[in-house]
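The values are calculated or read from the model by the stated rules, or taken from the named source; none is laboratory data. For clarity, every value in this text was computed on a predicted model and none was experimentally measured. Ideal geometry is used to build each Cβ from the backbone, glycine not excepted, and the neighbour counts take in all protein chains shown. Accessible surface is based on the protein model in full, side chains and every heavy atom, while ligands, DNA and RNA are left aside. Shrake-Rupley method; radii C 1.70, N 1.55, O 1.52, S 1.80 Å.
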Amino acid sequence: MFFDIGPLELVALVILAVLIFGPDKLPKMIQDVSRTIRKIREFSDSAKEDIRSELGPEFKDFEFEDLNPKTFVRKHVLDKDELGLKEIRNGFDLRKEMAEVTDAVHGREEDAPPPAAPSAPAAPSGGPDLLKKREKPAPDERPPFDPDAT
């Protein structure tokens with residue numbers, strides 16, 4: 001109801017209201033504000049009922065909160081699993097996919113067991129080991145030339 005208003009801010013607002021309106025006018029102001037809010041709520045409820053009655057019996061379960069896009073998506077897509085989204089989400093194993101990609105990069109077979117020590121994998125034949133740290137080159141040594149990078 002009070003959104004992000006903390007107790008200290010609420011006390012400050014009450015003190016400010018007492019200073020602006022005075023202690024004698026403040027109760028009447030509170031009554032007027034509460035009466036206005038009550039009338040606005042009654043007007044809103046009657047407008048909603050009029051819209052529902054005009055839409056007909058097909059829309060008797062229509063909720064105006066569904067017009068909010070987040071609520072609509074949550075209600076119609078995430079709660080109902082007609083599309084099989086939960087199966088897709090549960091069937092996706094990120095670790096397995098990353099292991100397959102790593103094996104493909106290193107040229108290992110898919111059926112081969114993973115190396116015993118993941119911190120020091122054996123260098124595959126036919127390509128550089130991307131996980132191995134490179135030694136520092138000598139001061140007069142030039143870096144290797146990569147024609148694909150230029």
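Let's see how each residue does on (1) surrounded by fewer than 10 Cβ atoms within 10 Å (Cβ to Cβ); (2) under 30 Å from Lys75 (Cα atoms); (3) modelled with pLDDT under 85:
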{"residue": "Asp4", "(1), (2), (3)": "yes, yes, yes"}
{"residue": "Leu8", "(1), (2), (3)": "yes, no, no"}
{"residue": "Val14", "(1), (2), (3)": "no, no, no"}
{"residue": "Asp24", "(1), (2), (3)": "yes, no, no"}
{"residue": "Asp50", "(1), (2), (3)": "no, yes, no"}
{"residue": "Leu55", "(1), (2), (3)": "no, yes, yes"}
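Might you let me know whether the stretch 76-92 holds any residue that is surrounded by 10 or more Cβ atoms within 10 Å (Cβ to Cβ), modelled with pLDDT of 75 or more and assigned to a helix (DSSP H, G or I)? Scanning the stretch 76-92 turns up no residue that is surrounded by 10 or more Cβ atoms within 10 Å (Cβ to Cβ), modelled with pLDDT of 75 or more and assigned to a helix (DSSP H, G or I). For Gly127, indicate whether it is open to solvent by less than 80 Å² (accessible area, probe 1.4 Å), under 33 Å from the mean Cα position of the chain (by Cα), of a type in the set (Gly, Ala, Ser) and modelled with pLDDT under 75. It is false that Gly127 is open to solvent by less than 80 Å² (accessible area, probe 1.4 Å), under 33 Å from the mean Cα position of the chain (by Cα), of a type in the set (Gly, Ala, Ser) and modelled with pLDDT under 75.
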